[in-house]
Each structure stands twice: as structure tokens, then as C-alpha cells.
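The values are calculated or read from the model by the stated rules, or taken from the named source; none is laboratory data. Since the model is a prediction, treat every value here as computed from it, not as a measurement. In this analysis, Cβ positions are derived from the backbone assuming ideal geometry, glycine residues included, and neighbour counts consider all displayed protein chains. Remember, those area values only see protein heavy atoms, side chains included, never the ligands or the DNA or RNA. Shrake-Rupley method; radii C 1.70, N 1.55, O 1.52, S 1.80 Å.
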Amino acid sequence: MLGICRGRRKFLAASLTILFVPAITWIYLFAGSFEDGKPVSLSPLESQPHSPRYAASSQRERESLEVRVREVEEENRVLRKQLSLVQSRGPAHRRGNHSKTYSMEEGTGDSESLRAGIVAGNSSECGQQPVVEKCETIHVAIVCAGYNASRDVVTLVKSVLFHRRNPLHFHLIADAIAKQILATLFQTWMVPAVRIDFYDADELKSEVSWIPNKHYSGIYGLMKLVLTKTLPSNLERVIVLDTDITFATDIAELWAVFHKFKGQQVLGLVENQSDWYLGNLWKNHRPWPALGRGYNTGVILLLLDKLRKMKWEQMWRLTAERELMSMLSTSLADQDIFNAVIKQNPFLVYQLPCFWNVQLSDHTRSEQCYRDVSDLKVIHWNSPKKLRVKNKHVEFFRNLYLTFLEYDGNLLRRELFGCPSEADVNSENLQKQLSELDEDDLCYEFRRERFTVHRTHLYFLHYEYEPASDNTDVTLVAQLSMDRLQMLEAICKHWEGPISLALYLSDAEAQQFLRYAQGSEVLMSRHNVGYHIVYKEGQFYPVNLLRNVAMKHISTPYMFLSDIDFLPMYGLYEYLRKSVIQLDLANTKKALIVPAFETLRYRLSFPKSKAELLSMLDMGTLFTFRYHVWTKGHAPTNFAKWRTATTPYRVEWEADFEPYVVVRKDCPEYDRRFVGFGWNKVAHIMELDAQEYEFTVLPNAYMIHMPHAPSFDITKFRSNKQYRICLKTLKEEFQQDMSRHYGFAALKYLTAENNS
């Protein structure tokens, strides 16, 4: 027992000595930084006295100080060795009772030597507390612009959310496109303990537009330079990430490194893992000035409060102006300017261990960073080739990336227990609505689907379209799932106008669709097709939600409400634009009906005119749509009259009428209570009639339904009695709602239903 006590006294004495000696050293260094009672600036940007006497005196003091620092470091090394010996002699039963901190690795002066990421603390009797508090908010800033970068951000965020144990606050510097996409995504994602703030990247362009930049990131690649001005003035620190980053660990470990900054260190960076800044990659290669290999800015720790006090804005601007006089432009965007500043002010940098930014560039030396891939914490795809970059371990890196790329984002909606979340009005309303439902109701799942919030990624691919200036433009609107992808190319060949599509896919299917689209010359040649991904959740196909998503995101004054299984006639786009003017759709409530036909043949010689279509009808190659199984759906179109019609004609609403129509973009949405198969279009046409829309059949327009295997939902409708009972119940409730909303005029719908 006495031996144990002596061991503890030695351990305590050694520990106090290690803490005390550095403290004396820092007091000494601090006192040495004052001249006549005033602090002496360490910044080389500020003027210094130039007298020979002062220079000689300063040189002697500096040499004396260096000798003393080396002595102190040697004393610390000896004491650490003694301390480790004391710990190793401790009782065996105490070794297994250690608590771990999030991140206690040493900052490395040599980034090519790997240090342990997480080390054991002291025993439970006097254990260290984690550097990052349990519910401390971690702030992350990302610059994002355009459609492709928005997709990359989602994968980055997934990897962060997967590992995280702390609340997160994302600061997104985004252009208008990225803001629209990501605001909708996070609003519908509804991840607890995650806050999103947007900052207008377009307003920041003037701050950096004077800097010529050759990097593929363009002007947005320079915006990390102005974060001290852009982010809130009360925000003290932030982790800044490129969009092509993948996390393999808890981001709290990186956040903990801020506590290791000392003195004037305000930037945490990993050394650049290529020879770019050494200037020996090719003949006449002349990079920007950098300290050694320079630093990569894909991952940055910024101490914002200190940077502001140092006048960072003035510092980087003066450096950029000076270097641009000879360099003319940047090659690596903000990274060149960061490195030029660091070259002049090396004291600003805390060098992060290399595993916090393993760079997979074209000329990477990252293999020297790690002994084993399990040591890695952050992967940086900083080559323009991205996943196609050449690397010995690229298969491991690619699989890690693909894991998060295809990971079900709905699984990341997990609560952080013990951490209070900010009140979310949308989440509270959703919980209230769900709590009012009766879980014992046999139709509970149908009713619940109406309130389900589906994660939505708008404009999954690049979209670029300006509507025609004559205000006659029409967008084709449709929805689909994975089993209908083969229809996309055919529709694009038949319809040259803008298209808005809502796709119901899982995360993995979304990536399959992306590869399919990028491999299609037809689809890649069209920039006027908006693809909006609604991610799968629940057991029903939310057909009317999908239609509403596609309808909401059109940029034209009119829309053609179609289905993905139909091919419009050649030239229908131009014909509808002319009909919009002819029938004064801008000033009247009209729904223009495009007559629907179908074929049972998978290989069809598509009719190029009405005369050819009528001939095929007579031969039995074509039929009026659903003539054999659901005549009432399109009978009011009056196909007999259409055969000889040369001018538009009006028809009246009848029970179960569900034509395909062209309407103004301000028409009512589809009712979300109808999911899967049954009454989803019928209810919408009924609402148009209740709002006194006039149904007008176009005499020279047509569309043809192509054959396909029965959908899963129609199979459920046919085989499941409870499904049909619930659909009937929902129909009755919808009609009652119509009566309450439209009064006496809506009684005809009840009467018509009873008579049908």
C-alpha cells in the first residue's frame, strides 16, 4: 500500500512539474514581448525599429531566448519520460478503466509522421473531460454554387451526420440556385439538432471579382477569403470545408483541435500533399509563394475573432495585390492567396496532422501520410477527375464515398438524446397532425401518408431555360419511379419544350438514375428538363405529392399535366402554344383537353398526323384510352365528335372524368390524400370543375399510352380488399370536404357518384 502511495506522489509531482515549467516559460516569453511596458507586435506586416543598436540588442535577446526554450523543451522531454514510467508501473487493474477524449492528438510539425488520433485519458479517479462538450454546437461553413456542387454537399453532409454526436450549425455561402435546392432539401429532411443559415454568394462577388482565377471553381473558389466579413460577427470559430470532402470520423474530433491553438495561431491547415508549390511538376512551372510544400485549404479551422482583430481582410488583400503584379492570376483560387499570406506570416498556422485532409489530387503524395487506411479521418477528392483519380487505395476511398452517396438519408433523422433541440414549427405541426390520427383506424396508413414529409432534392441535374418572351410557353409535367426511366428519352424526342419531372427514388436509385442520365446523349443534350428527386419513405407511392412537386417548379405560365407512360404527338408543344393564344387561356379559366389513346404493342410506328391515327384506330392498332377497362375515365371527351372536329369544342364534367389537360400554372394542386392507385386524377378534375374551369377539347392534338407491366399499386388495389375499402372511404371524405368548401354547387358530385 505504501508503495502505491509513493507511486502516486511521484506521478503527481511529475505532473505538476510538467504543468509548472511550461507556465514559467510562457510568462518569460510573454514578458519578453513587451518593450517599455508596451506590447511589441509580432506581425511582420507592422513596422519595426531600424537602428543598428536596436537590431544587435534584439539579436542577442532572441539568441538567449532560443537557448532557454531549448533547455525547457529538453526538461519537458525528460519529465514526460519519467511520467510514462510512473504510469507503466501503476496497478494492472487500473489500466482498463480509461475514458477517451474526442481529439487529443498532437499537432505535428512534420505532417508525414502519423500521430494517434485519440489517446487514452487518466483513470476514472481523476479522468480528463472531453474537450468538446456533449451538446456544444459545431459550426461548419461551406461555399456552394450550382447544381453539381449541391449534390456534392449532400454527400458531405451525410458523412458528417453519420458520425456526429453534437448539434451542428451549417453556414452555407450559396448562389441562388444552390440556396433554392438546399433550402428545400434541409427543410424536408428535418434532421434534429441541425441548423442551416444561408449567405448570398452573389453579393460577395464584388469582394473577389478583381482577382483573376484559372481554377475550375471560378469566382466561388475565392470566397473563403471573405468569411470573416460574411459570417456573423459573434461567431468565434468555424470549420471550413470544400464540397468534395468525405468524413470518416466524428467532426467533433476536428473541432477539439481549436483548443490546441496557441499565441497568434488562427488557421488550422494540413500541409499540401503534392509538389505543386515546390515548382517542379513540369518545366517552367511557377506556383505562388508558399512555405515549403504549402497548405491545402480543403479543410480549414478559422479563429474568426482573432482574424478580425488582426485585420485579416487587409492582410490578404495587400498580399494578393502584391503577388498578382507578377503572377497575373491564381491557379488554385483561395489556396494560392492563403499560402502567400502564410509565407509572410508563418506564425498564423497551426499545422494539422495529415489525416485531417488526405488529398487525392493528380500528383498526390498522400500515401506517405498513412500506414493503414483505417487511420484516415477526412478524404479530399481534390482532383478534377474526382472518383476517377489514380491512387493505390482508390478502391477503398471510392467505396467509402459511395457508402454515403447511396446511404438512406432518412436514417440520419435521429435525435441527439440529452441535447435540447431548437423549436421547429414544421416538426411541431407534423407531430400535432399525426397525434390526431387514430392508430387503430384500418385506414391509418393511408391517412398518415398525407402528412408524411418526403426529403426532396430539386434540380438534381443541371437546368437552364428561359421561357419564351411571348408568354405562351408550356411545360410538360409528369412523375415516375425507377421502372419508367426508359420512357424519358422517347418523351424528350417527342416534346422539345421544357419538362418538369418528379422522380420517386431511394438514395441508391437516385445514383443509378444519375449514371443513366449522364450516359444518355439525348438527356444530356437537354438542359430544359428539371429532374426533382422525392426520396422514398413509407409503403405507398405518393403520386399526387409528386405531381405537386413537379407543378410547383415550372418557369412557364402554362403546364401540360401528363403521365410518364404517354408519348405526345410530334409537334404538340408548338400546337399548344398556338392554342393558348387562340383560346385566350391567359384571361379565361379553361382546361384544354388533349385526347388520349393507347396501344398494346411495344413496337409502334407512331402516327405523324390525325389522319394516320384515325386509320390506325380503324385497323385496331390503337384504341381510345382505357376503352376496355375504364370507359368512364375518358368518355366525356366524345371521341366520335373528335374524329371529324376541326375546331375546339366544349364538354361537360361527368363522374370519374380524368382527362389530360393544359392549364395555367395557378391551377389548384392535387389532393395528397390519394396515394397509389385510384382517384388521384379524378379528384383533381372534380376540383377544377368546382372552380368553374371550362373543359375544351383540342381537335388536332393527341397522346398515346405505351404498354408496360402493371404497377405495384394497381396490383395491391386489385388483390387487397382493405385497400379498396380505404379508397372508397377517402373518396367519400373528399366529396364531403368539397361540399363544405364549395357549398350547394358541389352537391352534384355526390349525386353523380350515387348514379354512376
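One table, with the values for the structure above:
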| read-out | value |
| --- | --- |
| Residue order for E203, E687, E321 - accessible surface, 1.4 angstrom probe, largest first | E203, E321, E687 |
| Whole-percent pair-distance distribution, where bins are 10 Å wide, for the alpha carbons of segment 408-452 | 21, 41, 33, 5 |
| P(r) weight above 34 Å for segment 138-407, C-alpha pairs, percent | 12 |
| Whole-Hz couplings from phi, Karplus 6.51/-1.76/1.60, listed for segment 297-305; x for Gly and Pro | 9, x, 10, 10, 9, 10, 8, 5, 4 |
| Accessible area (Å², 1.4 Å probe, nearest 10) - T188 | 20 |
| Pairwise centroid distance, computed over Cα atoms, of segment 236-276 with segment 292-337, Å | 16 |
| Neighbour cut-off at most 14 other Cβ (10 Å), DSSP loop, chymotrypsin sites (Phe, Trp or Tyr not before Pro), segment 460-517 | none |
| Under-5 Å amide H pairs with G530, H placed in peptide plane, nonlocal only | I499, S500, L501 |
| Above-threshold pairs, the threshold being 27 Å between Cα atoms, out of K306/K343; K158/K214; K536/K748; K260/K343 | K158/K214; K536/K748 |
| Accessible-area value, Y216, 1.4 Å probe, nucleic acids and ligands omitted, Å² | 130 |
| For segment 720-730, 3J(HN,Hα) per residue [Karplus equation, 6.51 cos²θ - 1.76 cosθ + 1.60, θ = phi - 60°, Hz, x = Gly/Pro] | 10, 5, 5, 4, 5, 5, 5, 4, 4, 5, 5 |
| Trypsin sites (Lys or Arg not before Pro) restricted to segment 281-311 and DSSP loop, no more than 15 other C-beta within 10 Å | K283, K311 |
| Distant-in-sequence amide H partners of V131 (H built 1.01 Å from N, under 5 Å) | Y102, S103 |
| Scattering profile of segment 456-749 at q = 0.07, 0.09, 0.10 Å⁻¹ [log10 I(q)/I(0), Debye over alpha-carbon scatterers] | -0.25, -0.43, -0.54 |
| Pairs beyond 23 Å (Cα-Cα), from K578/K665; K432/K552; K681/K716; K179/K311; K493/K610; K552/K716 | K432/K552; K179/K311; K552/K716 |
| DSSP-assigned coil residues among GluC sites (Glu not before Pro) in segment 439-512, each with at most 15 further Cβ atoms within 10 Å | E439, E464, E496 |
| Table column - 3J(HN,Hα) (Hz), segment 450-456, Karplus curve with 6.51, -1.76, 1.60, x for Gly and Pro | 4, 9, 5, 9, 8, 4, 10 |
| Stokes-Einstein diffusion coefficient of segment 432-577, Kirkwood radius over Cα pairs, 25 °C, 0.890 mPa s, in µm²/s | 150 |
| Accessible surface of H705 - all protein chains present, 1.4 Å probe, nearest 10 Å² | 10 |
| Order by protection proxy (mean Cβ within 10 Å, highest first), peptides 479-486, 221-228 | 221-228, 479-486 |
| Nonlocal amide H pairs with Y350, under 5 Å, H built at 1.01 Å | V266, L267, G268, L269 |
| Sequence of R165, R455 when ordered by accessible area, the most exposed leading, probe 1.4 angstrom | R165, R455 |
| Most to least accessible of D375, D244 (protein chains only, probe 1.4 Å) | D375, D244 |
